[in-house]
Amino acid sequence: MAGATWTKKGLRGQVFQKPSTVTVEPQPARTRFVPFAGDLNATYTPGLVTLQDAEGNDVERLENPRRTFADHQLDTTWTLPQGAYFSGYAMWTYLTTPFLLAEPGVQTREIEPWQQDGETWRVLEAEFPESIATHGKQQFFYFGADGLLRRTDYTVEIFGAGIQRSAHYTNAHQVFDGFSFPTQRRVVPRKPDNATLDSPLLITIDLNHVTVR
């Protein structure tokens, strides 16, 4: 995971210095990064983030992490545990979609289709309950004619004032253990009319392999 967001938040070159193994447990929500921030590991749950050393000892703990983003501005820097919180809920959201949309309390409805790159994408609007930690309450999921996810629109609430509209493109789908996963993710700024900019790349994610069990 890389991109301009880490520079903006003061964590460039600190969080994902080398490839990381990401383990996501759908329920209860849990994400683990090995490694995270150099020689540390990180474990995310909605209510607690911990950073551990190689022996499994807690180095830092952040309880009720969402509350720590109160009064943040777009250029407010993050601590390492806050970076782990953002990474944890983000990867949990990404890797559990589309099953996430069937979770209790999630309300969905199909809206007008979207034309892009010579294709017509069907669009699903989703409203998430506060019980699900994710980027924002309202999100839009764009699906191609093949049923694969092409794009997701959201605003990242924990960025606070000066919030960044984002469009998250998902490409290079591959099948692992019978499930299709986009292995290339690129997040770019989104204009008020939902058109997108090519830069800066806010977040980039490349998956090398996925195992489902």
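The values are calculated or read from the model by the stated rules, or taken from the named source; none is laboratory data. All values reported here derive from a predicted model rather than from experimental measurement. Quick reminder, even Gly has a Cβ in these numbers, built from the backbone with ideal geometry, and neighbours come from all protein chains shown. SASA here: full protein model, heavy atoms, side chains in, ligands and nucleic acids out. Shrake-Rupley method; radii C 1.70, N 1.55, O 1.52, S 1.80 Å.
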Looking at (1) farther than 16 Å from L95 by Cβ; (2) outside any loop (DSSP other than H, G, I, E, B), which one does T31 not meet, given that it meets all the others? (1)
Considering segment 1-28 alone, what residues qualify as being surrounded by fewer than 17 Cβ atoms within 10 Å (Cβ to Cβ) and either in a loop (DSSP other than H, G, I, E, B) or among the basic types (K, R) (or both)? G10, R12, G13, Q14, Q17, K18, P19, P26, Q27, P28
Being farther than 22 Å from E25 by Cβ and surrounded by fewer than 15 Cβ atoms within 10 Å (Cβ to Cβ) is the filter here, so list the residues in segment 64-79 that pass it. R67, A70, D71, Q73, L74, D75, T77
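Matching residues to (1) β-branched (V, I, T); (2) under 18 Å from the mean Cα position of the chain (by Cα); (3) open to solvent by 40 Å² or more (accessible area, probe 1.4 Å):
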| residue | (1), (2), (3) |
| --- | --- |
| L62 | no, no, no |
| P81 | no, yes, no |
| P98 | no, yes, yes |
| V106 | yes, yes, no |
| E112 | no, no, yes |
| P129 | no, yes, no |
| R151 | no, yes, no |
Being open to solvent by 60 Å² or more (accessible area, probe 1.4 Å), over 19 Å from E130 (Cβ atoms), part of a loop (DSSP other than H, G, I, E, B) and of a type in the set (D, E), is that true of even one residue in segment 41-54? no
Given the criteria surrounded by fewer than 16 Cβ atoms within 10 Å (Cβ to Cβ), within 17 Å of L74 (Cα to Cα) and touching a strand residue (DSSP E or B) at 6+ places or on another chain (Cβ under 8 Å), does L197 qualify? no
Which listed residue, of V175, V188, is surrounded by fewer than 17 Cβ atoms within 10 Å (Cβ to Cβ), in a strand (DSSP E or B) and of a type in the set (V, I, T): V175
Might you let me know whether segment 133-142 holds any residue that is open to solvent by 40 Å² or more (accessible area, probe 1.4 Å), under 18 Å from the mean Cα position of the chain (by Cα), over 20 Å from P28 (Cα atoms) and modelled with pLDDT under 95? no
